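Take a look at the structure set out below.
The values are calculated or read from the model by the stated rules, or taken from the named source; none is laboratory data. From a predicted model like this one, the values you see are computed outputs, not experimental measurements. Note that each Cβ is placed from the backbone with ideal geometry, even for glycine, and that neighbours are counted across all protein chains shown. To get the accessible areas, we keep the full protein, side chains included, count just its heavy atoms, and leave off ligands, DNA and RNA. Shrake-Rupley method; radii C 1.70, N 1.55, O 1.52, S 1.80 Å.
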Amino acid sequence: MHSFFFVLSTLIIGYLLFSSLSYLGLFALAFRKVKNENNLVHRESTEILLRNQNTYPVSILVPAYNEEVGVVSTVRSLLALEYPQKEVIVIDDGSKDMTSEQMIKEFKMTQIPFAFRTHIPTAEIEAIYQSTIFPYIRLIKKANGGKADALNAGINLSSFAYFCAIDGDSILENDGLYKTMKPIIESDGQVIVTGGSVRIANGSTISRSKVEVIDLPRHPVVIMQIVEYFRAFLIGRLALSQLNILLIVSGAFGVFNKERVIQAGGYNKNTVGEDMELVVRLHRLLREEKSKQRIEYVPDPVCWTEAPESLEVLQSQRIRWQRGLFETLWTHRKMMLNPKYGAVGMLSMPYFLFIELLGAVFEFLGYFIIFGGFFFSLVDPTIALIMFIVTILYGSLISALAVLLEELTLHKYPKVSHLMRLYFWALTEAFWYRPLMVIWRIQGIFAAFRKTAHWGDMKRKGIST
């Protein structure tokens with residue numbers, strides 16, 4: 001029995017060290033990108049760039065389900081965007097609250113006749129409204145079909161060649177859309193998808209749909225989510241984007257080539273991870289066509305969103321995310337370790353399988369070995385201690401590096417006290433926050449087999465004052 005646990009411990013230690021080295025490799029790639037960009041001497045102002053005649057008009061799609069608290073603030077922030085030509089389409093996916101009523105009242109909307117091409121089949125469209133004061137703002141009321149179905153309805157109604165998908169509780173910085181479109185504009189359309197950074201608004205002061213004062217929340221659970229977002233966006237996505245193997249563009253904020261999305265079949269209604277699944281499907285399409293088009297992550301644009309403050313809501317969110325990851329990898333299992341799909345199939349897909357998905361299983365076994373070693377002598381206490389140290393290195397120190405990268409890139413938390421608090425909580429991650437994530441991620445794997453689809457409701461306080 002002891003020999004079995006010794007072998008298991010050795011395998012887990014090896015896995016955690018390999019995972020840590022993988023993260024360090026991604027950090028090195030991300031750091032090099034940040035360093036190169038910081039060394040650029042030319043810094044065009046947004047005003048000059050906006051006069052560029054080659055900017056593409058953009059349709060902004062806002063899927064909303066029970067978003068009466070935040071949807072008006074989100075649309076107001078979109079009105080303030082510095083971008084030459086845009087339209088805003090809010091899709092009320094059968095809300096049971098006053099989402100549509102809030103929109104109709106705030107923007108003085110009237111019902112209009114509608115006829116449009118159904119590129120992608122959706123649930124029934126009940127009515128379409130248009131603002132009398134801002135004619136480029138429209139509202140779709142439709143039967144409930146889920147977030148993917150709502151986005152597909154928005155795509156059908158949209159007028160322009162590119163669309164931006166943004167959550168109904170999010171607020172974009174004024175130049176966020178332009179900066180996200182910049183790689184598409186400069187590549188003359190060779191970049192077909194871009195994603196921007198998402199930041200947590202809890203604790204900050206937001207007035208008139210604009211972030212006035214950036215501050216940290218008091219709740220440790222929310223602070224840890226901020227650190228977690230740093231790690232996911234600034235290390236993972238920035239590094240993978242350099243290799244053109246980025247598999248996730250956040251559902252909270254991303255820009256897409258509409259023609260390519262329609263060609264791929266739109267958003268998949270049969271998964272809760274519709275954002276990742278679409279990006280993987282687009283990669284698959286590009287590789288099968290042997291296309292040189294790219295999918296990129298842009299670290300600078302910031303979209304502010306509200307994070308869960310209760311463990312119950314956070315648990316539901318993380319189970320849903322893990323389930324979406326599982327479903328996407330299973331749907332596109334043909335790409336796994338398949339040379340036909342290049343680095344996506346040979347590097348990115350295995351990374352998400354063995355590090356992001358199965359990592360929770362290995363970490364859980366690691367906690368079991370640590371606990372069993374110290375309290376039940378299942379393994380030599382020395383091995384349990386090594387496992388404990390490796391676990392801390394795997395979690396907390398990687399998160400601390402993510403905070404460092406945030407300071408080098410966006411520098412959104414300028415106070416020294418902010419950084420000290422972020423570093424402190426990052427170093428505590430392995431002792432309380434990460435074990436919770438591990439348990440919930442394992443629950444997400446099991447949830448993938450139950451196939452119960454829902455929007456993933458979150459009780460919101462609202463991020464505007």
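Structure values in brief
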read-out	value
Looking only at region 381-390, and only at residues there that are touching a helix residue (DSSP H, G or I) at 6+ places or on another chain (Cβ under 8 Å) and under 21 Å from Y423 (Cβ atoms), the one that is surrounded by the most Cβ atoms within 10 Å (Cβ to Cβ)	V390
Given (1) surrounded by 24 or more Cβ atoms within 10 Å (Cβ to Cβ); (2) touching a strand residue (DSSP E or B) at 6+ places or on another chain (Cβ under 7 Å); (3) not aliphatic (A, V, I, L, M); (4) not in a strand (DSSP E or B), index of the condition N152 fails	(2)
Test: S241 is hydroxyl-bearing (S, T, Y) and closer than 25 Å to A201 by Cβ	yes
Matching entry among V191, V213, V198, V249 (being over 20 Å from S417 (Cβ atoms) and either free of Cβ contacts under 8 Å to residues at least 40 places away in the same chain or surrounded by 24 or more Cβ atoms within 10 Å (Cβ to Cβ) (or both))	V249
Qualifying residue in region 307-327 (condition: touching a Lys or Arg at 6+ places or on another chain (Cβ under 8 Å) and among the hydroxyl-bearing types (S, T, Y))	yes
Selection count where residues are open to solvent by 10 Å² or more (accessible area, probe 1.4 Å) and aliphatic (A, V, I, L, M), scope region 161-187	2
Qualifying residue in region 293-310 (condition: open to solvent by 30 Å² or more (accessible area, probe 1.4 Å), of a type outside the set (G, A, S), out of contact with any strand residue (DSSP E or B) (no Cβ under 7 Å at 6 or more places or on another chain) and in a helix (DSSP H, G or I))	no
Some residue of region 270-282 being in contact (Cβ under 8 Å) with a residue 40 or more places away in the chain, in contact with a Lys or Arg (Cβ under 6 Å, 6 or more places away or on another chain), surrounded by fewer than 24 Cβ atoms within 10 Å (Cβ to Cβ) and not in a helix (DSSP H, G or I)	no
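Residue by residue, here is whether (1) without any contact (Cβ under 8 Å) to a residue 12 or more places away in the chain; (2) of a type in the set (G, A, S); (3) open to solvent by 50 Å² or more (accessible area, probe 1.4 Å) holds:
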residue: L347; (1), (2), (3): no, no, yes
residue: P350; (1), (2), (3): no, no, no
residue: L353; (1), (2), (3): no, no, no
residue: L358; (1), (2), (3): yes, no, yes
residue: G372; (1), (2), (3): no, yes, no
residue: V379; (1), (2), (3): no, no, no
residue: I392; (1), (2), (3): no, no, no
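Residues are listed down the side, and each one gets a yes or a no for (1) in a helix (DSSP H, G or I); (2) touching a helix residue (DSSP H, G or I) at 6+ places or on another chain (Cβ under 8 Å); (3) not assigned by the TED database to the domain that holds L311:
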residue	(1), (2), (3)
V221	yes, yes, no
A239	yes, yes, no
I245	no, yes, no
E259	yes, no, no
